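Colleague: Got a structure here, written out as structure tokens. Questions coming.
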Amino acid sequence: MTYQEKLPGLGELRLVPVDPAVDAALLHGWVTQPWARFWGMGDHTEAEVREVYEFLDGLATHHAYLITLDGTPVGLFQTYRPEADPVGERYPVRPGDVGMHLMLVRGEQTRGITSAVVPALVRFLFTDPAARRVVAEPDVRNDRALRRLEAEGFTLDAEIDMPDKRARLAFLTRDRFEAGHPVPA
């Protein structure tokens, strides 16, 4: 386990590093669902999903985590250093930038959790004292993600062309986050 935080009314959130050999079937079941279309892996086989996460697991700059609530997997969280990612070629990367991708599973057990989970994930990113700003780049068609980022204090920025999508940059500085989110006890 990498991180844990008690989310009032929801339970214990934990971030557990993805084990590609163990988690490929679970991830494949998620990324191939219609609600996960913006993840860009809808036509991947289970073996291809495993290969993607084996590749990421071998990088020092990119990390993938299962998000669990009270032991139940509810999502996938990926972090990356923008200077080592294609997004870093499309905006002026600053020292302390850290990128994130988030996919929460849709269903009864996850209804209404996003507003608690996103701040917890950002708190995790800011446990690194060198982290100064969180970067996200959702697909421009992903209105749900863009609204959620704005609600969490991210500033929406320019649209950029990524290899697999037209994306919208979004940034959240440590100072802005800390001003709007109390540190849990």
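The values are calculated or read from the model by the stated rules, or taken from the named source; none is laboratory data. Remember, predicted model here, so these are calculated numbers, not experimental data. Quick reminder, even Gly has a Cβ in these numbers, built from the backbone with ideal geometry, and neighbours come from all protein chains shown.
Colleague: Filter the range 1-17 for residues that are assigned to a strand (DSSP E or B) and in contact (Cβ under 8 Å) with a residue 24 or more places away in the chain and give the result.
Modeller: 3, 5, 6, 7, 11, 12, 13, 14, 15, 16, 17
Colleague: Mind listing whichever residues of the range 141-150 are surrounded by fewer than 16 Cβ atoms within 10 Å (Cβ to Cβ) and without any contact (Cβ under 8 Å) to a residue 40 or more places away in the chain? Spell out how you get there, then give the answer.
Modeller: Residues of the range 141-150 that are surrounded by fewer than 16 Cβ atoms within 10 Å (Cβ to Cβ), as a first pass: 141, 143-144, 147, 150.
Of everything in the range 141-150, those that are surrounded by fewer than 16 Cβ atoms within 10 Å (Cβ to Cβ) and without any contact (Cβ under 8 Å) to a residue 40 or more places away in the chain turn out to be 143, 144, 147, 150.
Yes or no, residue by residue, for (1) farther than 21 Å from residue 63 by Cα; (2) buried (at least 16 other Cβ atoms within 10 Å of the Cβ); (3) at pLDDT 95 or above:
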| residue | (1), (2), (3) |
| --- | --- |
| 88 | no, yes, yes |
| 96 | no, no, yes |
| 135 | no, yes, yes |
| 152 | yes, yes, no |
| 155 | yes, no, yes |
| 160 | yes, yes, yes |
| 166 | yes, no, yes |
| 170 | no, yes, yes |
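Colleague: Looking at the range 21-43, can you tell me whether even one residue there is surrounded by fewer than 19 Cβ atoms within 10 Å (Cβ to Cβ), charged (D, E, K, R) and within 30 Å of residue 130 (Cα to Cα)?
Modeller: There is no residue in the range 21-43 that is surrounded by fewer than 19 Cβ atoms within 10 Å (Cβ to Cβ), charged (D, E, K, R) and within 30 Å of residue 130 (Cα to Cα).
Colleague: Scan 180, 112 and give me the residue that is on the phi > 0 side of the Ramachandran plot and exposed (fewer than 14 other Cβ atoms within 10 Å of the Cβ). Steps first, answer last, please.
Modeller: On the way: 180 fails: on the phi > 0 side of the Ramachandran plot.
Result of the check over 180, 112: 112.
Colleague: Only one residue in 158, 170, 179, 151 is in contact with an Asp or Glu (Cβ under 7 Å, 6 or more places away or on another chain) and either under 16 Å from residue 132 (Cβ atoms) or hydrophobic (A, V, I, L, M, F, W, C) (or both), so which one is that?
Modeller: Just a single option satisfies the conditions, and that option is 170.
Colleague: Next question, about the same structure. Does any residue of the range 62-76 turn out to be modelled with pLDDT of 95 or more, surrounded by 14 or more Cβ atoms within 10 Å (Cβ to Cβ), over 11 Å from the mean Cα position of the chain (by Cα) and more than 16 Å from residue 23 (Cβ to Cβ)?
Modeller: no
Colleague: Hey, among 73, 129, 95, which residue is of a type outside the set (Lys, Arg) and within 17 Å of residue 7 (Cα to Cα)?
Modeller: The match here is 73.
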